[in-house]
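Only one structure is covered here, and it is reproduced in the block below.
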Amino acid sequence: MAFNPAEYAAKLQALISGFNTSSSRALYDNQSMNQTARRAMADANTEYDRQAPQLVAGYGRSGRNTANVKSGAFSKAMQDFAKDRVDKTGQAQGALDTGNAFYQSDLGERQAQLKADQGVIEQDKARQIADDAAELMRYRAGAYA
Amino acid sequence: MSVDSYDWVNGAAAKQVNRPRTADRYARTQSLITTAAAGQIPYNYEAGTKAENDAYNRANMYNQAGPKAGAVDPFAAYGGLAGLTKMLQGGGSGGGSGGDSALDWAKFNAEQSAAKNATDTQLRALQGMQGLLASGGYRGNADTLLGLINDQNTQGQAAIQGNYDTGMGNINAGYDTAQGMVNTGYGNLNTYLNANQINPYANLQQQSSPVNNAMANYLSAYGVSNDPVNQQVQASQMANQQGADSYNQLQQLMSANQLSNNQSNLGLSQMAQNYATTGLGSQRAAYQANAESSRAAAMRALQQQIEDARFGVEQDAGNARTELEKLILGLGGSLDGTFAGPGVDGKTVAPGSATARADDVDSAADNYPNFKAALAAMNPNYKFTTMAAAKKKFPALAGKF
C-alpha cells in the first residue's frame, strides 16, 4: 500500500485530539482536587481558629488559666492543639503537593506518549515511503526485476 | 509380257518378307516391285526384250492416270515408297553399307560435325564448371547471405546492448529516485525525532510546601512554649519532604528511561534508514545482475542463431561445391583444371588445384590481414587499379573481408 498523506494526517490529528482531551480532563481533575483541598484546609484553619478561644475559655472557667495561674495542663492542651493543627494542615498540604506533582508527572507521561506515538507514525511513514521507493524502483527495472 | 510364275499380287501381299530368297528371283522381283509400286501391273524388265519393255511402258507407264486418291499404299509398312527404296538400297539384313555415296559422306560429315559440336559444348561446360570451382563462383549468393547475416549480427548485438543500456539506465534512475525518497522519508523522521527529544520528567521536581505553626503567636500570648509545636512542624516538614524526595527519585528514574528511549528511537531511525538504503542497493544489484544475465542470454541466443545461419549457408555452399566437383569428375575433367584446356574466355585456366584455390579463398581471412594483401598474394598477375574494381573482379575473395 502506497503512502497516503491524508491517512497520515488523520492519524496525527486523532493522536493530538486524544491527547488534548485527556489533558483537559486531567487538568480539570487537578484543579478540582486543588480547589477541594485548599477549601478543606481553609475550613480546617477556620475551625482551629474558632476552637482555640473556646479551649482557652474552658481552662479559664476551671481556674487553670488565669492571669496568675498557668497550669501545665493548659499549656499542654494548647501545645497539643497547635501540634494537631500543624500535623493536619501539614498532611493536607503534603497531599496537595503530591497530587499536583503527580498531575505534572501524568501530564509529562502523556506528552511523552504522544511524542512516542507520533514517532511511530513518522516511522511508519518513513518505512512506507521506503517500501514505495523500492516498489517504484522495481517498476523502473521492468523485465529485469 | 513375261510374267514370272512367282505368285505375286498387288496390295498387302507385296511385302519384304514375301521377297524371293534366291538372287535371280530377287532381280526379277525388283522390277516387279517397282512397277507394282507405280500402281501398274507388275512387270519384269529383266525378262523382257527392249520392244516388250517399250510396249509395256507405253501401255502402262506413260500418260497414265496417277494413283487414285484414297488408294491404299501398298508400302505403308515400309514408310512408303521412299522408305522401301532406302531399305532395299542397304538397310536390309545382310545388305551393303553404301558408304561410298555422296549422301553417306554428307551424312557422315554431318554426324561428325554434330559430334564435334557436342564435344565442344561439353568442353565449354566443363571449363565453365572448372572456372566456377576455381573462382569460388559455386558459392552463388552465399557471401551476400553471409554479409546479411553479419549485418543481422551487428544489428542484433546493438539492439541487445541498447536494451541493456536502457534497462541499466532505468535501474540506476530508479535507484536514485528511491534513494532520494528514502532519504527524504527518514530525513523527516530524523528531523522529527531530533526536534522531539523531550524528557517530560526532566523538570519535574516536587517542592515540599512549608509547614507553618499558625498558632505560634497565639501560644506565646498565653505564655505557652512553642517548642513542642515547632518539633511537630519539623516532623511534618520532614514527612512531606520524604514524600517529595521519593517522587523526585521516581522522576529521575523515569527521566533516565525516557532519555534512553529517545536515543533508542534515534538509533532505530538511523538503522531503518541504513536498512532501507542497503535494501535498495541489494535490489539494484539484483536487477543489474538480471539485466546482465538477460543480455548474456540474448547474446548467446543471437550468436547461436547467427552460427546456425552461417552453418546453413556454408553447408549449402559446400554441397554445391561437392556437386560441382562430382559433375566435373563425371564429365572427365579434373579438379585442378588440367584436363579442360583453354577457358571459355580464351584464357588458360590458372594452374594449380581448383580445389586448393577455392580453399585458399575460403581461408583468406585467416591468412591475410585484408583484402588487398590477400589479392596480391593470391593473384600476383592482377594489375590493381582501384579497390572497387578489384572487389568486383574477385567478389568471392572480397566477401571474405
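The values are calculated or read from the model by the stated rules, or taken from the named source; none is laboratory data. Because the structure is a prediction, the values reported are computed rather than measured. Counting neighbours? That spans all protein chains shown, and the Cβs are built from the backbone with ideal geometry, glycine included. SASA here: full protein model, heavy atoms, side chains in, ligands and nucleic acids out. Shrake-Rupley method; radii C 1.70, N 1.55, O 1.52, S 1.80 Å.
Tabulated data for the structure shown
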item: Test: residue in the range B:194-213 that is out of contact with any strand residue (DSSP E or B) (no Cβ under 7 Å at 6 or more places or on another chain), open to solvent by less than 70 Å² (accessible area, probe 1.4 Å), in a helix (DSSP H, G or I) and over 30 Å from A:Ala112 (Cβ atoms); result: no
item: Per-region count, the range A:43-65, residues surrounded by 12 or more Cβ atoms within 10 Å (Cβ to Cβ) and of a type outside the set (Ser, Thr, Tyr); result: 12
item: The range B:247-277, residues that are within 11 Å of another protein chain (Cβ to nearest Cβ), open to solvent by 70 Å² or more (accessible area, probe 1.4 Å) and among the hydroxyl-bearing types (Ser, Thr, Tyr); result: B:Tyr275
item: Among residues of the range A:119-131, those that are within 7 Å of chain B (Cβ to nearest Cβ) and of a type outside the set (Gly, Ala, Ser), counted; result: 5
item: Boolean, B:Val229 is modelled with pLDDT of 95 or more, out of contact with any Leu (no Cβ under 8 Å at 6 or more places or on another chain), assigned to a helix (DSSP H, G or I) and open to solvent by less than 50 Å² (accessible area, probe 1.4 Å); result: no
item: Residue under evaluation A:Ser23, criteria (1) surrounded by 13 or more Cβ atoms within 10 Å (Cβ to Cβ); (2) out of contact with any Lys or Arg (no Cβ under 8 Å at 6 or more places or on another chain); (3) of a type outside the set (Phe, Trp, Tyr); (4) in contact (Cβ under 8 Å) with a residue 60 or more places away in the chain, criterion not met; result: (2)
item: Any hit, the range B:136-148, residues being free of Cβ contacts under 8 Å to residues at least 40 places away in the same chain and either surrounded by fewer than 17 Cβ atoms within 10 Å (Cβ to Cβ) or more than 7 Å from chain A (Cβ to nearest Cβ) (or both); result: yes
item: Tally, over the range A:1-17, of residues that are assigned to a helix (DSSP H, G or I) and free of Cβ contacts under 8 Å to residues at least 24 places away in the same chain; result: 8
item: Selection count, the range B:101-137, where residues are among the aromatic types (Phe, Trp, Tyr) and closer than 24 Å to B:Glu325 by Cα; result: 0
item: Which listed residue is facing chain A (nearest Cβ under 7 Å), among the hydroxyl-bearing types (Ser, Thr, Tyr) and under 30 Å from A:Asn68 (Cα atoms), from B:Tyr222, B:Tyr192; result: B:Tyr222
item: So B:Gly223, is it open to solvent by 30 Å² or more (accessible area, probe 1.4 Å) and closer than 30 Å to A:Leu114 by Cα; result: no
item: Boolean, A:Met78 is among the hydrophobic types (A, V, I, L, M, F, W, C), surrounded by 16 or more Cβ atoms within 10 Å (Cβ to Cβ), under 20 Å from B:Ala235 (Cβ atoms) and at the interface with chain B (Cβ under 9 Å from one of its Cβ atoms); result: yes
item: Only one of A:Ala73, A:Ala26, A:Ala67, A:Ala57 that is in a helix (DSSP H, G or I), modelled with pLDDT under 95 and farther than 23 Å from B:Asn230 by Cα; result: A:Ala57
item: Residue check, B:Gly162 closer than 30 Å to B:Gln305 by Cα, surrounded by fewer than 16 Cβ atoms within 10 Å (Cβ to Cβ) and modelled with pLDDT of 90 or more; result: yes
item: Tally of residues being of a type in the set (Phe, Trp, Tyr) and without any contact (Cβ under 8 Å) to a residue 24 or more places away in the chain across the range B:273-310; result: 1
item: Candidate set: the range B:199-208, residues that are touching a residue at least 40 places away in the same chain (Cβ under 8 Å) and at the interface with chain A (Cβ under 7 Å from one of its Cβ atoms); chosen: the one nearest to A:Gln104 (Cα to Cα); result: B:Leu204
item: Matching entry among B:Met299, B:Met238 (being assigned to a helix (DSSP H, G or I) and either open to solvent by less than 40 Å² (accessible area, probe 1.4 Å) or more than 14 Å from chain A (Cβ to nearest Cβ) (or both)); result: B:Met299
item: Residues being more than 7 Å from every other protein chain (Cβ to nearest Cβ), in contact (Cβ under 8 Å) with a residue 40 or more places away in the chain and under 18 Å from B:Tyr287 (Cα atoms) - total across the range B:159-188; result: 7
item: Cβ-Cβ under 6 Å pairs, at least 6 apart or on other chains, the range A:94-115 side within 25 Å of A:Lys11 (Cα to Cα), far side modelled with pLDDT of 90 or more and of a type in the set (Phe, Trp, Tyr); result: A:Leu114/A:Phe19
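So that you can scan it fast, the table gives a plain yes or no per residue for (1) over 22 Å from the mean Cα position of the chain (by Cα); (2) at the interface with another protein chain (Cβ under 9 Å from one of its Cβ atoms); (3) among the polar types (S, T, N, Q):
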| site | (1), (2), (3) |
| --- | --- |
| A:Asn65 | yes, yes, yes |
| A:Gly90 | no, yes, no |
| A:Asp97 | no, yes, no |
| A:Ser105 | no, yes, yes |
| A:Arg110 | no, yes, no |
